[in-house]
Every structure is written in C-alpha cells, then in structure tokens.
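Each remark here refers to the structure printed beneath this line.
Computed from the coordinates by the stated procedures, all read-outs in this text should not be read as laboratory data. Here the structure is a predicted model, which is why all the values come from computation and not from measurement. All Cβ positions, even for glycine, are placed from backbone atoms using ideal geometry, and neighbour counts span all protein chains on display.
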Amino acid sequence: MIPGPALRGWLADRSAQDESHRRVEACARRWSGHPLMTDIDRALAALPARTPEAVLAAARRFLDRGDDLSALVRDLIASSRADGFFRPPFQPATSEIHTGLLLFHNDDLSLAMGVTGVEMLAAKKAGPRGATSIGFSGLVTLFRYVKAGGATLSFWEAPRIGENFVASEAGTARLVGRRRIEDGEEIVIDGRRQSFVIEHATSDMVYFQALVRTGAAPLAAEYDSRTLALIGTSSTDEASSRIQLMVSLLRTMERQDAFPLFEELLGAMPQFYTRWHIMREMLAMDANAALPALRRLAARDPHPEVRAAAGQTLDLFFPEATADQEGLLCRA
C-alpha cells in the first residue's frame, strides 16, 4: 500500500491516532448503552419460549424504532465526516455483493444494516460464470428494504431441511415466483425450505436484516441453478464447525493423547455430520483403536447416512473384522 498525504500524516501523528480511537470508543459507549440496543437484549432474555416466531417478533420491534435507527445512522455519518479515520464500532459484514455493519448479535439473533451495490451485483453477473447455485441458509431471515433499488427477486423452495436430513431424499429446488420489490417492503425467508435470488436491480439496495438463529436447521444446502439438484451442504452450527476444525488440527499434529477426547466427543455430538468427521479423524489417527467405535456407528448411529458410511468403511478396510462380526451374529 502506498499511503497518501492524509494517511501519512495520520500515521506519523500519535495524537491524531489517539483522537480517532477516542471517537470510536465514545461512539461505542453511546450505542452499547442506548435503549435501542439494551431493550432488544432484555426482550430476548425475557422470552418465555425461544421460538423463531418469538425471536422474529422481537426483531421487528427493534426495526420498528425508525427514529433511533435514523439517529444511529446520522451519528455514524457525522463521526465519519469529522474524522476520515473514524471506524464505526460495529463488526463489518461483507460479501461479493453486500457491505454492511452488524448492529447486534447473540445466540438467538443477529441484526445488521447493509447495502447491496448495484455495480457489485452487475459485476458478478457479467463476469465469468461458472456453475451457480441457489442457497438455502437453514435460518429464518427477515429483510426490510429501506430502498429496494428497483430489484426483481426470484423465490425458490425445496424440501425442508430437518434434523434427519438425508442427501438422497433432498429432492430438487423449484421456482415459486418472481416479482419486483418496493421501498419499505419486508420479506421473510425461512431458509430451512425457502430462498431467493436477486435477478436484477437498477440502483443500490439498502436494507435492515434480522437473522434468527433459534430453531435453525442443522445444515445449509445448495442446489444447482441449472439442474435444481442438491450439490452440497454445510453446517449452520458454529460450535460444531470449531470442533471439527480442532479435531482435524489435533490429528494433523499427531496428538495421540487426544484420542480419548475424540471418543468422548463422538458420543456427545448431536450433529450427525460432526460425528462422522470425528470418526474419520479417529481412523486416520489410529485405525485399529478406532475400530470398536466404527462398529458402534455402523450398528447403532441414529442417522442412516452415518450408519451406511460406517458400514461401507468396515467392508472396504476391515473385511476380516466384518466377517468376524457376522460370524458372531450367526452363532448367536
């Protein structure tokens, strides 16, 4: 990076840097203690039942506070104008076509404001197009469009993603409608069975988003936009994803002393895909020691795909153990 005069001056001036940091900290104090933020925190904590519908209702009450949200935006704009090196005290939320700020986050709900850039959207659609997909997030999400940007959305459905999701029974996605949305419009997408695609927009789309984590499906799913068939899934559970990462890291580091921990986790994880990931890493670490656990998965795991994968692994890599097991069953 080649800094311009303003950045060079700021980097050389410790007092200017300190003043920028003070502005960020002051803004964070103002809004972390503002009723807009504290009320939603209390409302979620007081819910008698943590259902997606109840969390969504609390999110709507937050979004209905238009005066407070306008004051927040005005404050961020004024702070940015006063100091070119001011950074809003909110986590950025960005993608290829979206940029925004995460205003609130806990285990039940994330609230953000953002912009879908029409130029970013056009660049993505005009660029080299490989295989494309329709994503089903597994989460209930509300979008409230301050400016709809003249956008046309296509709406899609697929079989509901449940706890016992099986890829072979996933079916196909189907188009259920296509229409233009208007300024001020609100749409709710149940990502366990619904999705949408931005087909076209004439200007930037400005929106608030409420993403409900309560009642999430175990998986997000992607369907091929041409064949409409399932092409992949991914976890919606952050803790499960971190466990998979740590298990793989420990196996790569050849931490044999972690093997008992793997066995403990295998029996504790509710996500079927996490159990199979742990089983694979156990086999890679010590196949013979992992064999009893593999047999248990093949015989008793509650998910059919895990049972099938474990059984196929026994047949392919432990044929003698499989024969011994069958012999025991016959004699019994």
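The distance between label points at D64 and L11 comes to 5.0 nm (points 7 Å beyond Cα on the Cα→Cβ vector). Once the chain from A268 to R226 is taken as fully extended at 0.36 nm per residue, the excess over their C-alpha distance is 11.2 nm.
Counted by neighbouring Cβ atoms within 10 Å, the residues R42, R23 run from fewest to most as R42, R23.
A crude spin-label estimate for the pair A239 and D75, with each label 7 Å from Cα along the Cβ direction, gives 3.2 nm.
Backbone phi angles across the range 45-50, fed through the Karplus curve with coefficients 6.51, -1.76 and 1.60 (θ = phi - 60°), yield HN-Hα couplings of 5, 8, 4, x, 9, 8 Hz in residue order; Gly and Pro are listed as x.
Centroid-to-centroid, using Cα positions, the range 288-321 and the range 83-98 are 48 Å apart. Taking the Cα centre of the chain as origin and assigning +1 to Lys and Arg Cβ atoms and -1 to Asp and Glu Cβ atoms, the resulting dipole is close to 620 debye. On the basis of the beta-carbon distance and an R0 of 51 Å, T202 and D39 show a calculated FRET efficiency of 0.90.
With both labels modelled 7 Å from their Cα along Cα-to-Cβ, the M120 to E305 distance reads 3.1 nm.
Counting only alpha carbon atoms, the long axis of helix 14-32 and the longest principal axis of the chain meet at about 70°.
A Förster radius of 45 Å, combined with the Cβ-Cβ distance separating R87 from D315, puts the computed FRET efficiency at roughly 0.20. The separation of the range 24-41 from the range 147-163, counted between C-alpha centres, amounts to 32 Å. Count Lys and Arg as plus one, Asp and Glu as minus one, and take only other residues whose Cβ is under 10 Å from that of S133; the net charge is then -1.
Each of I40, I77 was scored by other Cβ atoms within 10 Å of its Cβ. Listed from fewest to most, they are I77, I40. When Rg and the Kirkwood radius Rh are both evaluated on Cα atoms of the range 14-235, their ratio Rg/Rh stands at 1.00.
Annotation: the residues R87, R14, sorted from fewest to most other C-beta atoms within 10 Å of their own C-beta, follow the order R14, R87.
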